[in-house]
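> Starting off with a structure, shown below.
The values are calculated or read from the model by the stated rules, or taken from the named source; none is laboratory data. What you see is a predicted model; the values in this text were computed from it and never measured. Note: ideal-geometry Cβ built from the backbone for every residue, glycine included; neighbour counts use all protein chains shown.
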Amino acid sequence: MTVTESVFKVKKTMYNLKGITKHGFLIIQPHRLVPLLLALGGVAMISTGTLHLVPGNFVPNIKFHAVAFSANAIALGLGVMLLIASSIVLSQMKEKYAIRIATAEGEKNVLVSKRKEYITQIIDALNKAFLNLVSPKQEKVKGSQK
């Protein structure tokens, strides 16, 4: 990733600063719907098993190594496993940060990272490059003639 006074280069793609109409910082939230639905299903299965809502004659007991498990016990166990798995997945989901630019081709996230500081440093460099592009520093004339 490189920012110069005229070009913004990300990997193998180069963007001319004059072609960028807008740039900014974007927070990308993870999709939490599936793990939340799994957790809700786990809670429902735990409730079903705990309250013995599955009739005994509906599903026969399952024997495993001379131990018989009822449908309610299986629902309780599966519910606990679903709840634990979804909790682990939810705890591992983190926000991502992106640099979003707008060009004549449209808007796109040109760089995505889990490190917020890295993205803000690049945004700062882009801001400085755009300021230099808009109002370049003019060299002062050492001697003036009258």
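> Being among the β-branched types (V, I, T), at pLDDT below 90, more than 30 Å from A129 (Cα to Cα) and surrounded by 14 or more Cβ atoms within 10 Å (Cβ to Cβ) narrows it down to one of V54, V67, so name that one.
V54
> Within the range 19-34, can you find the residues that are of a type in the set (D, E, K, R) and surrounded by 10 or more Cβ atoms within 10 Å (Cβ to Cβ)?
Selection gives R32 alone.
> I would also like to ask the following. Can you say whether I84 is under 30 Å from L133 (Cβ atoms) and either surrounded by 13 or more Cβ atoms within 10 Å (Cβ to Cβ) or modelled with pLDDT of 90 or more (or both), as far as the supplied structure shows?
For I84, the condition - under 30 Å from L133 (Cβ atoms) and either surrounded by 13 or more Cβ atoms within 10 Å (Cβ to Cβ) or modelled with pLDDT of 90 or more (or both) - is not met.
> Quick check on F58: is it among the aromatic types (F, W, Y) and without any contact (Cβ under 8 Å) to a residue 40 or more places away in the chain?
Spelling it out, F58 is indeed among the aromatic types (F, W, Y) and without any contact (Cβ under 8 Å) to a residue 40 or more places away in the chain.
> Something else now. Sort out which residues of the range 1-13 are within 20 Å of Y118 (Cβ to Cβ) and either touching a Leu at 6+ places or on another chain (Cβ under 8 Å) or hydrophobic (A, V, I, L, M, F, W, C) (or both), and write them in order of number.
M1, V3, V7, F8, V10
> Still on this structure, please answer the following. Quick one: how many residues across the range 96-121 are loosely packed, with under 14 Cβ neighbours inside 10 Å, over 13 Å from Y15 (Cβ atoms) and either hydrophobic (A, V, I, L, M, F, W, C) or touching a Pro at 6+ places or on another chain (Cβ under 7 Å) (or both)?
Qualifying residue count for the region: 1.
> Taking only pairs six or more apart or across chains, which ones have beta-carbon atoms under 7 Å, a first residue in the range 73-84 that is in the same structural domain as A39 (by TED's automatic domain parsing), and a second residue that is among the polar types (S, T, N, Q) and assigned to a helix (DSSP H, G or I)?
A75/T48; L76/T50
> So which residues in the range 16-51 are at pLDDT below 90 and either closer than 25 Å to L90 by Cα or among the charged types (D, E, K, R) (or both)?
Across the range 16-51, the qualifying residue is only K18.
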